[in-house]
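Chemist: Take this structure first; my questions come after.
Please treat every number below as a calculation from the coordinates, not as lab data. Please read these numbers as outputs of a predicted model, since none were measured by experiment. Every residue, glycine among them, receives a Cβ derived from its backbone with ideal geometry; neighbour counts consider all protein chains shown.
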Amino acid sequence: MLKEGELRIPSGCAISGIIDRKGRRFSGEEIIRSISLMHERSNGLGGGFAAYGIYPQYKDFYAFHIFYENLNIKMQTEDFIAKYFDIENAGSIPTKHVPSITNKPLIWRYFVSPRIHMLKGSFISDAEFTSRCVIKINKDYSGAYVFSSGKNMGTFKGVGYPEAIGEFFMLDTYKAYMWTAHGRFPTNTPGWWGGAHPFTILDWSVVHNGEISSYDTNKRFVEMYGYKCTLQTDTEVITYLFDMLARKFSIPMEKVIKIIAAPFWSEIEKENEELQFELKSMRTVYASALINGPFSIILGYEKGMIALNDRIKLRSLVAATKDDRTYVASEESAIRIICSNPDKIWFPGGGDPVIALLEEGQK
Amino acid sequence: MSLSFDIPVFEVVRNEKRCIQCQVCVRQCFNSVHSYDEDDNVVCTDDIKCVNCHRCVTLCPTRALIIKKYPLEFRENTNWTSNAIKEIYKQSQTGGVLLSSMGNPKAFPIYWDKILLNASQVTNPSIDPLREPMETKIMIGRKPEKLDFDVKGKLLTEMPPQVELSTPIMFSAMSYGSISRNAHESLARAATELGICYNTGEGGLNRDFYKYGKNTIVQVASGRFGVHKEYLSAGIAIEIKIGQGAKPGIGGHLPGKKVGEDVSATRMIPVGSDAISPAPHHDIYSIEDLRQLIFSLKETTSYKKPVFVKIAAVHNAAAIASGIVRAGADAIVVDGFRGGTGAAPTRVRDNVGIPIELALAAIDQRLVEEGIRNQASLIVAGSIRNSSDIVKAVALGADAVYVGSAAVIALGCHMCHTCSTGKCNWGIATQEPELVKRLNPDIMYKRLVNLVSAWNHEIQEMLGGMGINAIESLRGNRLMLRGIDLNEKELKVLGIKYAGE
């Protein structure tokens, strides 16, 4: 049977996210409770979490989380990493025995910084350099998979129900100012750890529910700009789209949202002339970046969290606020179980983003 | 002169019981197939002149006429077919190059018919275009690599000119001369009402039609017929015609008998002279020359008009297309070997060029690999027969399509393949005033509007079925396609999977 990346597997899902906008850190216990309430929305074939602010002592280093299938590929990959990066610290990621989690790969973590002299010749930023190296490992080192590569953040994922994955990685021992989570319902059983969500590149992480119908169009578009969609999943291509538009092209995030969930032409025509021209230009130039078909996503990045629905809301998404916290989830109950009395709870419209960013100076 | 070996191609069958000798057929047939014998009060026929255009059949009030394939057979021979024999009779009699009209009729594979579309089931919902918005609008033109915004979020990038189409369909280049004034007017009016474009072809533009400029693409071909500054500025975009699918490697042909007063004035050539365009543009002998022509046209029109470059689909179309994008074209037009024509040498029409489906897939793939696909639009032509051909073309990577044959069929063309004679009984491919007036633009433009509107509805249905609500999300979305009855190599060139995969 082909594994993820060798074929395209549609999947349904549950998603949840919490951010403390003041930047106060809290353990993974709440997010596990939230996602586990939506147990029925996943089928035990994938669960995962992204946590921001977990490595304050290494905040200036890229934290690589890597799955290895065997020691041989581990050695080859480490040779590559050692050639291009200075490794500040490395070790296996601590895990706990959980009966339902089987077939675990080797799971390693490295805190690294790009070697300065390697950067000088290539005239690119350290972020671009790092992202290219990550894409290269994932593309060329069969059996190795970098599943997290941001600074002061990390992804934890695997094959199993999300609550079991959370327990396996002992997420109650990590403290983050923002958590996102994903429970997966794939329509196939490849059982590959790399195929679980969230998907990340640098500090961008995406958890996603839906099956986008524009996948191949989006994929071909990002691949023109150096990305390589190794997993053939929606989440991967969505993450690359955000990374490309927001980081590579430096497009402001509110515009990126108007590209990815573009307003209808009929809506654009109602705007004033200047805005009309701008929206028209964005749709014209980035037509292939429009994500079509059902999706609800939670995007995490260093500044905070953005939750977004497709433009005709074909997937559920609920948002709530309480004091300094913002919650989003596939179902209202998944918020209420950890925040029984929110200040405000609402159902964002299609294409209307929920933007919950860290307050100034809280990063 | 030796004995003519000509035999009729069609047999005109008249049901004498039904015929009322009204002589409609006599008056309608410009090929003089029918004649009335007053003495015997019968209508007679001369089969050999019949081209099977159905004009008489359609207008016969008592349905007394049927046209059949002429029953005379040669001895069966799979190699020496009747066509092969008749062509030799013709050439040995005239010493001339065989001429044909319309597109390649040979039994080459039609890839559109070997590609199947996807639809959503369970894992994502299909979208109902009767109840949800469904967008088919597209923008044709050059796209900057990226958009830049200032710190306040204001757009800084200057946008190159774009042609806005309400649906990804345009009417192909058909020159005034090859087709009639009334046919041109019908195309122009339909394009205007539909919010799409028609194309002047290489015969210039009658000043009466400048008012349809916003929906007109003006063409510049190797003969430069009717090209002047006002003409270039009259349309919304300019198209440089390098080649045509029906006759790659050679220029346009307009027989002198189609060049009357008005055509002569529009083309800026003498009345009655053959308008034979040179095979190449004599100012384009290489890709760098093309760049110069593109930019001279842009200079002339103050960079307000996108410039398209049209080529025929030939073996190395992908490399040529890449060169065209890099030369600064705003859109590439690729015309497949089934593309129609008013007149082309038969041997060229039937043997030169490649299918548009393969050329399109190869070009789109090449431009993606080079990272330049987003810079220019890609328009394909060369026998787009219906809305599913369009959907498949877009999924293979096209931004839009041109339709020529389908448009003239909507105007009444019955595909008799004799445009070059100038005796089109339907008033389309003719300049005979008596025939031209048979095509009433007030009525016929609506048939074009109907056709494109119907196709647009069908495109919306198919898009919705795939769970897509904007056509740009289908462009290059080859996962929506599956092949059937294709070999590995064909699947590879098309970049699609086999049905069941």
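Chemist: Of A:Ser330, A:Gln57, A:Val318, whose Cα points farthest to the positive end of the dipole of the range A:11-357 (charges on the beta-carbon: +1 Lys, Arg; -1 Asp, Glu; origin at the Cα centre)?
Modeler: A:Gln57
Chemist: Give the value in nm², to one decimal: projected area of the alpha carbon convex hull of the range A:28-73, averaged over all directions.
Modeler: Seen from a random direction, the Cα hull of the range A:28-73 projects 5.3 nm² on average.
Chemist: What helices does chain B have that are whole DSSP H segments, at least 24 Å long along their own axis by Cα, and with mean Kyte-Doolittle hydropathy of -0.5 or more?
Modeler: The qualifying helices are B:441-465.
Chemist: Here's something else I'd like to know. Highest mean first, how do B:314-324, A:80-90, A:202-212 rank when packing is the count of other Cβ atoms within 10 Å averaged over residues?
Modeler: By packing density, highest mean first, the sequence is A:202-212, B:314-324, A:80-90.
Chemist: Sort out for me the Cα centre separation of the range A:342-359 from the range B:297-323, rounded to whole Å.
Modeler: Taking the Cα centre of each part, the range A:342-359 and the range B:297-323 sit 47 Å apart.
Chemist: A further question follows. With θ taken as phi - 60° and the coefficients 6.51, -1.76 and 1.60, list the Karplus ³J(HN,Hα) couplings across the range A:296-306 in order, rounded to whole Hz; mark glycine and proline as x.
Modeler: So the Karplus estimates, Gly and Pro as x, are 10, 10, 10, 9, x, 7, 4, 7, x, 10, 10 Hz.
Chemist: Of B:Asn124, B:Cys22, B:Gln93, whose Cα points farthest to the positive end of the dipole of the range B:1-157 (charges on the beta-carbon: +1 Lys, Arg; -1 Asp, Glu; origin at the Cα centre)?
Modeler: B:Asn124
Chemist: Answer rounded, prolate or oblate for the range B:242-390, using the Cα gyration tensor with square roots of eigenvalues a ≥ b ≥ c: rounded when a/c is under 1.5, else prolate when a/b is larger than b/c, else oblate.
Modeler: oblate
Chemist: Okay, moving on. Under 11 Å from the Cβ of B:Ser126, count the other residues' Cβ atoms, weight Lys and Arg +1, Asp and Glu -1, and hand me the total.
Modeler: Here the count lands on -3.
Chemist: Would you work out the charge dipole size for the protein assembly as shown about its Cα centre, treating the Cβ of every Lys and Arg as +1 and the Cβ of every Asp and Glu as -1, and quote it to the nearest 20 debye?
Modeler: 400 debye
Chemist: Projecting each Cα onto the charge dipole of chain A (Lys/Arg +1, Asp/Glu -1 at the beta carbon, about the Cα centre), which of A:Thr173, A:Val112, A:Ile297 comes out farthest on the positive side?
Modeler: A:Val112
Chemist: Based on the mean of other Cβ atoms within 10 Å per residue, sort peptides B:209-215, A:302-308 so the most packed one is first.
Modeler: Highest to lowest by the protection proxy: A:302-308, B:209-215.
Chemist: Hey, another quick one. When a/c is below 1.5 the answer is rounded, else prolate if a/b is larger than b/c, else oblate, so apply that to chain A with a ≥ b ≥ c taken from the square roots of the Cα gyration tensor eigenvalues.
Modeler: The shape class here is rounded.
Chemist: May I ask you to work out the translational diffusion coefficient for the protein assembly as shown at 10 °C, viscosity 1.306 mPa s, via Stokes-Einstein with Rh from the Kirkwood sum over Cα pairs, reported in whole µm²/s?
Modeler: The estimated diffusion coefficient comes to 53 µm²/s.
Chemist: Rounded to the nearest Å, what's the spacing between the alpha carbon centres of the range B:415-474 and the range B:198-243? Just the number, please.
Modeler: 20 Å
Chemist: Can you list the residues, at least 5 places off or on another chain, whose amide H is less than 5 Å from the amide H of A:Ile337, using H built in the peptide plane?
Modeler: Hits under the 5 Å cutoff: none.
Chemist: Amide H of B:Leu99 versus every other amide H placed in the peptide plane: which residues, excluding those fewer than 5 positions away on the same chain, fall under 5 Å?
Modeler: Distant-sequence amide H within range of B:Leu99: B:Thr346.
Chemist: Treating only the Cβ of Lys, Arg, Asp and Glu as charged (+1, +1, -1, -1), what charge dipole size does chain A show about its Cα centre? Round to the nearest 20 debye.
Modeler: Its charge dipole is roughly 460 debye.
Chemist: Follow-up. Determine the dipole magnitude for the range B:167-471: charges of +1 sit on the beta-carbon of Lys and Arg, -1 on that of Asp and Glu, nothing else is charged, the reference point is the Cα centre, and the result goes in debye to the nearest 20.
Modeler: 400 debye
Chemist: Which of the peptides A:325-331, A:268-274 is most tightly packed, and how do the rest follow, going by the mean number of other Cβ atoms within 10 Å of each residue?
Modeler: Averaged packing, sorted descending, gives the order A:325-331, A:268-274.
Chemist: Now for a different question. Counting only other chains, and only Cβ atoms inside 10 Å, what mean value do you get across the residues of A:275-288?
Modeler: 6
Chemist: Please go through the residue pairs B:Lys298/B:Lys392; B:Lys305/B:Lys492; A:Lys270/B:Lys152; B:Lys86/B:Lys247 and name each one whose alpha carbons sit more than 28 Å apart in this structure.
Modeler: B:Lys298/B:Lys392; B:Lys305/B:Lys492, as the Cα separations exceed 28 Å there.
Chemist: Let me check the size of chain B from its C-alpha atoms; what are the radius of gyration and Dmax in Å?
Modeler: Final numbers for Rg and Dmax: 24.0, 92 Å.
Chemist: Every cysteine in chain B with no other Cys Cβ under 4.7 Å from its Cβ, please list them in numeric order.
Modeler: Here B:Cys19, B:Cys22, B:Cys29, B:Cys44, B:Cys50, B:Cys60, B:Cys197, B:Cys413, B:Cys419, B:Cys424 come out as lacking a disulfide-compatible partner, given the Cβ-Cβ threshold of under 4.7 Å.
Chemist: Taking a cut-off of 23 Å, what percent of all Cα-Cα pairs in the range B:60-188 are separated by more than that?
Modeler: Result for the distance tail: 74 percent.
Chemist: Of B:Thr45, B:Thr81, how do they rank once you tally other Cβ atoms within 10 Å and put the fewest first?
Modeler: Fewest-to-most Cβ neighbours within 10 Å comes out as B:Thr81, B:Thr45.
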